[in-house]
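Notes for the one structure printed next.
The values are calculated or read from the model by the stated rules, or taken from the named source; none is laboratory data. The model shown is predicted, which means the values in this text are computed figures rather than measured ones. Using ideal geometry, Cβ is built from the backbone for each residue, glycine included, and neighbour counts are taken over all protein chains shown.
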Amino acid sequence: MKYLFITLMMAILAFPVKSQEVPQPLQDVNQDDLGNVTDEFQEYFFEALKQKGIENYEKAIIALEKCLSLDSERAVVYFELGKNYRELEQFDKAIDNFQKAHELQPKKEPILVYLFQTYGMTEDYDGAIATVKKLISFDKTYKEDLANLYLLNKNYDEALGLLDELDEELGVSSYRNSMRRQIYARTSNTGAQIDNLQQSITDNPEVEQNYLNLIYIYSEQGDEEEAFMVAQELLEANPGSSIAHLALYKFYLNKGDADAAVASMKIVFESEEIDVESKFKVLNDFLTFVQDNPAYEEVLIQVAGKLTEWENAPKLYEQLGQYYMKKNNREDALTFFELGLKENPDNFELIRNTLLLQLEFEKYEAARDLSAEALESFPSQAVFYLLQGVALNKLADFEAAEESLMEGLDYLIDDIRMEVDFYSQLAISYNGMNNVSKAEEYRRKAQNLKKEIN
């Protein structure tokens, strides 16, 4: 995924993942970059890298200038000069040096990425656009960067055209749809846009994106009936369209036609044309619906399970569990947490949350077994020994509880509240084993620590 040009300080809106990493002093440079140079040149060059590494950018520039006095045809020197000038926020000099480096090594992608970023820092969108167009030859994913730049530079027609092209190539995306809505909001000429899209639909009824863009405009205007009619029109033109259901499910929900909404939702989830983020949005809308229509709870669980299979998204159940926790529906939260553990058994937070709810709902055998599994993966986590001890005490297995709790105390560091819980549970264990003196000892320890907390 990519950055956004959110503010000037954020600098540039959309770099590929590989360009986000901050280079280590020698990361971008090797002997092949230097080529055949003198020992003196190498000495100055690596001195420059060392100075940059400790943020002495002025000294790094001095060393690089000495390199240029020895050999002025090394792209890597200009590249490093550009980086140092950028760190000093001397952006014009940085751009000048990146451009020189690019002239000497036009097929070096990192140089263009730094140039692209630096144009962004100065809000020179024309320069950034020209640079990104060159980067597309290296990786077509830079097209999304270009669409962002068109938006920022108010080249709205170019941006919309490129967004349609990307959707054609990659499938619809909620991120790109968000960009479209921004463009529609900024241009305010919705009447012309509607006329244009209606004409495009008439001329090319097979192009689904035109219908979808028109649906978005009507939806933004609050004209749901018109949007609904366009979605139905798309289904008539293309009965197999899954994109139409990305709009229809919400209309059906708003109309109270739950069965039709569920049917549309399932089509959306099965579609390979629709991105995961959009599918999660659909699911969240359905979660809200289920709160008022609990009869569809079982359908929700089934569909969520299918979505996990289709999208290979094991964290989905955890997200659903967290959703129900926020709604204070803890029992349903536990259901989803337990389902999530089947897909993601080594998730620490998920295990802890599941154990706490299992104990709350008196599922002691399940908590005992889960805590034992958790300790195989996290043998030094005191909290799992504590929760295991609680479960074992509840099951009247006091000796096993005492053993778990005493072992867990060895891993407890600077957590007085948890220490109180350990001592309180040990008091229960010893009481269950009829060791009254030990039970009283740990009960007293717990009480003394509580006084410290208060």
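Some points to look at:
- Residues in region 87-126 that are in a loop (DSSP other than H, G, I, E, B) and touching a residue at least 60 places away in the same chain (Cβ under 8 Å): Glu123 alone.
- Region 49-79, residues that are surrounded by 15 or more Cβ atoms within 10 Å (Cβ to Cβ) and within 32 Å of the chain's Cα centre (by Cα): Lys52, Phe79
- Check on Gln291, in a helix (DSSP H, G or I) and either modelled with pLDDT of 75 or more or of a type in the set (Phe, Trp, Tyr) (or both): no
- Evaluation of Leu300 against (1) surrounded by fewer than 21 Cβ atoms within 10 Å (Cβ to Cβ); (2) modelled with pLDDT under 80; (3) more than 15 Å from Val172 (Cβ to Cβ) (one fails), failing number: (1)
- Candidates Leu170, Leu135, Leu163, Leu146, filtered to the one that is modelled with pLDDT under 90 and buried (at least 21 other Cβ atoms within 10 Å of the Cβ): Leu163
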